[in-house]
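Only one structure is covered here, and it is reproduced in the block below.
The values are calculated or read from the model by the stated rules, or taken from the named source; none is laboratory data. Since the structure is predicted, the reported quantities are computational estimates derived from the model, not experimental observations. When we count neighbours, we look across all protein chains shown, and the Cβ atoms used for this are built from the backbone with ideal geometry, even at glycine.
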Amino acid sequence: MVKKSKSGQSSAGVNFGSRADLSIEGLRRTFREHLYYTQGRFPDGATRNDLYMALAYTVRDQLLDRWIKTVEQMGREDHKVVSYLSAEFLLGPHLENNLINLGIYQKVCRTAEEEGIDIQAIFDQEEEPGLGNGGLGRLAACYLDSLATLEIPAIGYGIRYEFGIFDQAIRDGWQVERTDEWLRLGNPWEMARPEIAYQVNFGGRTEPYEDDQGRYQVRWIPHRTVKGVAYDTPILGYRVNTCNLLRLWKAEAVESFELEAFNVGDYYRAVDEKIYSENITKVLYPNDEPVQGKQLRLEQQYFFVSCSLQDMLRIYRLLGGELSRFASRFAIQLNDTHPAIAIAELMRLLIDENDMDWSTAWEVTCNTFGYTNHTLLPEALEKWPVDLFAGLFPRHMEIIFEINRRFLEEVSSRFPGDEERVARMSLIDESGGRYVRMAHLACVGSKAINGVAELHTRLLEEDVLRDFYDMMPEKFSNKTNGVTPRRFMVLSNPGLSRLISGKIGDSWVSNPEELKQLENFVDDGAFREEWHRVKFENKRKLSGLIHARTGIEVDPSSLFDIQVKRLHEYKRQHLNVLHIIALYNRIKQDPAYDLCPRTFIFGGKAAPGYFMAKRIIKLINSVAEVVNRDPDVAGRLKIVFFPDFNVKNAKFVYPAADLSEQISTAGKEASGTGNMKFSMNGALTIGTLDGANVEIREEVGVENFFLFGLTAEEVCSLQKNGYQPFEYYQSNQELQAVIDRISSGHFSNGDQELFKPLVDSLLFHDTFMLFADFGAYVNAQKHVDQAYRDQERWTRMSILNTARMGKFSSDRAVREYCRDIWHVKPAPVALE
Ligand code: NBG
């Protein structure tokens, strides 16, 4: 339980009275004060946003004591701090989460009700900070939640994008993008810290010189300087006092610089400079996996990395330690290669700005960083043209060349005469054009390298990073992803959480392995009935939302078959569509065809420039148009594309699923985390042996998982032996009929061109082997259909899924990082 402070005594001994008071009266008073003094409203004139803001400030007040004490403690005691560097944090709404973590959710809801306030409408008012694309950014947010819950001192460092991931609307079946103006009505959760600001340089040249002691030094004479300003958001743990810090950087112009020195009289150019500077943190690049080699993206990466490292060095100086012991106070984790330039930047800061010698600086650097890889897709491995890189960061380029020179010397001496290996491992790809390989930089400059699921880590070791594994196997380990049960169960699925807690108590929330105890109740008919009822209620709620957003009526007693995730060919949403069309064909052929009524629900955004992904969205909607209104189908099949899938509406989606679609080509999905969110909420999975599916299946039991498809090895060897998708088309009649149905224009008002690019790509390339897996997939779906007819059995399997998902809590994952990589321990925060 949260320890209450004695009427909010601060460390300075000042009594802040009511604002930190958790009693109902206290909350009520603080809320009214904020409505009046912060929002400037009487209750009568207050808008919904005023009410939301006042409540958010009321809750934030509760966090402040904990937040200040946590941050103070980081600087005071001899604790190591985790510094999580990530270009993305996909946080989702804060308000409900904070209420849950504080333990005042029920109390606040009840009080609001008494006041005649529609609390759901207020929750709904919050714009989510969509500062990420998908799994990688959401994982960072889950890890912040777990770090705080485990009472580990930690700072998340990232970018305060003015526009997060775009809002998706569907027009005429196509995705249209709208800018996400999440800051429009104000953000009560952040605090601007204008006095915490750093200068970040770009471009220019370097110049060698001799310092006072006659040592060789290099100075960087930049072409341009931008200022990074800190915006802080509190991240409270569940029922603890630890309230960590998320520090996001906003780019601003260095006013004095252009206005006075350079642009005297040239007012417009000065303003241009300002706009140029602010551009850096204007917008999140909306590409999920493949990288976009854009200069601005590289500028964003360096910008936030440099600010963050300067900030850590400042904090470290406050502590007064020897700089050579930096790694004993900070463990920095690189969330993929987006912040990997940190390795060169820390070297630069230590050598050029703190007079450290190369080898000490290199030791500090290598002991500080850990690197998490999140992808096996070759097109998602970041590499930057050397010219672009050197133009923006001339000094870093020199440092990287020197790191590389020393490293390749080591490679040569370990593997004499193996020139091919040297070329393969070089930080510079010279196989055609010259590129900086960010993953190689990350591997060389980190003491630990990890993948995000067992299969993924094995494939890294055997394939993508094989040479590095050969040379330094001790650096490699697996850290299977996890998700927070607070947001994805307690907050998203209150009905199920209440049912569970009623049976086994509520300590599973911080210790989800306890969910195992639910296994004792699978034979309890009354419990199963309750379980089923909760699931049905969740499906009813989602049905209402679907109707409101799309106008489509769905039947909550049908099987809810859901695939929500970013649109990507490797995730194979179109394989799901091929199955739907196969069912449709069966019904058309035999209107009495016996099948369990199903509602297929899709959701997810496509990168705005990803042609195929956008066409898959159009295909889903086109098939939906035809199937949903075909009288022969008569409600047995319904298809929905739920627009604008994000963290906020995810909470209605995961708890309502009967079936979770995890059907990526084996060997392509590093882990997946949506798969975990579904299964925790009692959905059964139909899936391939890919990413964390492998481990989920092991945990929940093979008999409670619908497996199909080629293994990663089979995918690989089929590819090698010349995969011919056309042969599958010719030999599988059902597949042929499905493809022909699309080609004929049946779903596109006779237009045979619309889906031709998609169909041709499948017939003649099928890079992700839909055709090879089609038969097995349709077959597994048949088993799903059979199983769902036996509702007792299905509910049993559903309960067992939830009961056995404890492993996939982000608490477990973060504990492993703490133990194996960061070497940090909990540091509980006392309030008085
Ligand atoms: C994604 C993977 C997912 C994985 C998340 C989190 C990137 C680069 N990778 O499979 O595709 O679950 O990372 O680890 O976004």
If you scan the stretch 221-240, which residues turn out to be of a type in the set (Phe, Trp, Tyr) and either part of a strand (DSSP E or B) or at pLDDT below 95 (or both)?
TYR231
Kindly check whether there is at least one residue in the stretch 140-147 that is acidic (Asp, Glu) and assigned to a helix (DSSP H, G or I).
yes
1 or more residues aliphatic (A, V, I, L, M), buried (at least 20 other Cβ atoms within 10 Å of the Cβ) and within 16 Å of the ligand (Cβ to nearest atom): qualifying helices (runs of 4 or more DSSP H) within the stretch 670-766
674-680, 693-700, 712-720
With the requirement that a residue be out of contact with any Phe, Trp or Tyr (no Cβ under 9 Å at 6 or more places or on another chain) and without any contact (Cβ under 8 Å) to a residue 40 or more places away in the chain, what does the stretch 752-785 give you?
GLN752, GLU753, LYS756, VAL759, ASP760, LYS782
Considering only the stretch 407-434, state which residues are touching a Phe, Trp or Tyr at 6+ places or on another chain (Cβ under 8 Å) and of a type in the set (D, E, K, R).
ARG421, ASP429
Residue selected from the stretch 42-80 under the condition in contact with a strand residue (DSSP E or B) (Cβ under 8 Å, 6 or more places away or on another chain) and surrounded by 24 or more Cβ atoms within 10 Å (Cβ to Cβ), by the criterion nearest to ILE152 (Cα to Cα):
THR70
Residues of the stretch 514-528 satisfying the condition of being in contact with a Ser or Thr (Cβ under 8 Å, 6 or more places away or on another chain) and either charged (D, E, K, R) or part of a loop (DSSP other than H, G, I, E, B) (or both)
GLU514, ARG528
For ILE119, all conditions in the list (1) of a type in the set (A, V, I, L, M); (2) in contact (Cβ under 8 Å) with a residue 24 or more places away in the chain; (3) more than 16 Å from the ligand (Cβ to nearest atom) hold save one; what is the number of the exception?
(2)
With the structure loaded, tell me whether ASP145 is at pLDDT 95 or above, over 30 Å from ASP811 (Cα atoms) and among the acidic types (Asp, Glu) or whether it fails that test.
no
Quick one: would you say GLY674 is on the phi > 0 side of the Ramachandran plot and either of a type outside the set (Val, Ile, Thr) or modelled with pLDDT under 95 (or both)?
no
Which one of these is in a strand (DSSP E or B) and of a type outside the set (Gly, Ala, Ser): VAL627, VAL640, VAL633?
VAL640
Could you identify the single residue in ASP180, ASP145 that is surrounded by 14 or more Cβ atoms within 10 Å (Cβ to Cβ), more than 16 Å from the ligand (Cβ to nearest atom) and within 18 Å of the chain's Cα centre (by Cα)?
ASP180
Give the stretch 767-814 a look and list any residue that's in a loop (DSSP other than H, G, I, E, B) and under 23 Å from LYS614 (Cα atoms), or say none.
THR767, PHE768, MET769
Number of positions in the stretch 411-434 that are within 24 Å of ASP357 (Cβ to Cβ) and surrounded by fewer than 14 Cβ atoms within 10 Å (Cβ to Cβ):
1
Among the residues that make up the stretch 298-319, is at least one of them outside any strand (DSSP E or B), of a type in the set (Asp, Glu) and within 26 Å of the chain's Cα centre (by Cα)?
yes
Across the stretch 384-435, what is the number of residues that are at pLDDT 95 or above and either among the hydroxyl-bearing types (Ser, Thr, Tyr) or under 26 Å from LYS294 (Cα atoms) (or both)?
33
So which residues in the stretch 473-502 are surrounded by 15 or more Cβ atoms within 10 Å (Cβ to Cβ) and either free of Cβ contacts under 8 Å to residues at least 60 places away in the same chain or assigned to a strand (DSSP E or B) (or both)?
LYS475, PHE476, SER477, ASN478, VAL483, PRO494, SER497, LEU499
I'd like the full set of residues that are more than 15 Å from GLU713 (Cβ to Cβ), in contact with a strand residue (DSSP E or B) (Cβ under 9 Å, 6 or more places away or on another chain) and more than 16 Å from the ligand (Cβ to nearest atom), limited to the stretch 452-473.
PHE468, TYR469, MET472
Identify all residues within the stretch 373-429 that are assigned to a strand (DSSP E or B) and away from the ligand (no atom under 16 Å from the Cβ); write none if there are none.
TRP384, PRO385, ILE428, ASP429
Does HIS440 meet the test of being within 16 Å of the ligand (Cβ to nearest atom), within 29 Å of LYS668 (Cβ to Cβ), out of contact with any Cys (no Cβ under 8 Å at 6 or more places or on another chain) and at pLDDT 95 or above?
no
Out of the residues in the stretch 124-135 that are away from the ligand (no atom under 16 Å from the Cβ) and either within 22 Å of the chain's Cα centre (by Cα) or free of Cβ contacts under 8 Å to residues at least 40 places away in the same chain (or both), which is surrounded by the fewest Cβ atoms within 10 Å (Cβ to Cβ)?
ASP124
Kindly establish whether GLY451 is closer than 29 Å to ILE332 by Cβ, in contact with a Leu (Cβ under 7 Å, 6 or more places away or on another chain) and touching a residue at least 60 places away in the same chain (Cβ under 8 Å).
yes
